[in-house]
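The values are calculated or read from the model by the stated rules, or taken from the named source; none is laboratory data. This one's a predicted model, so the numbers in the text were calculated from it and none came from an experiment. No Cβ is skipped: glycine too gets one built from the backbone with ideal geometry, and neighbour counts run over all protein chains shown.
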Amino acid sequence: YMLHPLFDYQKSNIPAYMQPSLRMEDLEKMVCCLPNLMNQKIIADFLDSKCSQIDATAEDIQKEISLLEDYKKSVITEAVTKGLNPDAEMKDSGVKWLPKIPKHWKVIPSKWLFANSDIRRQTGDEQLTASQKYGIITQKDYTAKENAQIVLATQGLEKWKHVEPNDFIISLRSFQGGLEMSEITGCITWHYVVLKAQKKVYHKYYKWLFKSARYINALQGTCNFIRDGQDLRFSNFALVPLFELPLEEQQQIADYLDSKCSEIDTLIADKKRQLDILADYKKSLIYEYVTGKKEVPVKDF
């Protein structure tokens, strides 16, 4: 390989102002490897072939991830809408979004089961954020996880709503990803709706129900968000009837989904790690061959 100037500013048509962060004297010191044309073609053809194989493998893994994600959605929907007994007798529910339910389940207006809480922020409440990625977490934690810059509110806090564990939050994006259940105490902006159970329930069952594809579709059907540009309100929530089932069964379904979805999530995480490994390998492969650290094997010519 021959060393060759990386950039000839004098022969370039790029004006100086287009390179504000890179000084000309630095450019002039930089060099690159320049193999002859035959070797350039050999390396390029080799990398075309190898990277194509890597990309094909990555695509297969991504398809497996998509299948696992779809399977997870199916598992959740089946469990929260039909229960765990495949032989359970079903009945007409009279509800559009879920026509058939187990015979011993009851249809109940959602506002009878969960009420709109308007308890205001209390002294010591940390500011929370509703995230589909992390659930309900403090804004400080969200900032740390996302490496984002979030300015904590200092005005209008008297309007913020108090949140307690097992409260459900209707956020600006609930029509896309369902409702979030809080596991911590704090306060959240008054733009959101806080729901508190009015009857004894096993909250984690409804946590899974409110994240199911069937329920989200039903929630989306209550309003044309794109056209109207409006927030999701308690009135939308109230338009989607819910189901009441024995507490013991609620817990069984929730425990099953906790375990089953954890297994699926572990598989998905493993697949994503494989994608990361492949991406790193591809970068390393390209770097080693284009810089001459490795030579294309004779058999691959």
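Below, the figures for the structure above:
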read-out: Selected residue (criterion: surrounded by the fewest Cβ atoms within 10 Å (Cβ to Cβ)) from residues of segment 97-112 that are out of contact with any helix residue (DSSP H, G or I) (no Cβ under 9 Å at 6 or more places or on another chain) and in a strand (DSSP E or B); value: Lys106
read-out: Qualifying residues in segment 114-160 (those that are hydrophobic (A, V, I, L, M, F, W, C) and buried (at least 17 other Cβ atoms within 10 Å of the Cβ)) - the one farthest from Tyr205 (Cα to Cα); value: Trp160
read-out: Residue match in segment 90-112 (condition: of a type in the set (D, E, K, R), free of Cβ contacts under 8 Å to residues at least 40 places away in the same chain and closer than 30 Å to Lys271 by Cβ); value: no
read-out: Condition check for Ala58: under 28 Å from the mean Cα position of the chain (by Cα), assigned by TED's automatic domain parsing to the domain that holds Ala197 and among the aliphatic types (A, V, I, L, M); value: no
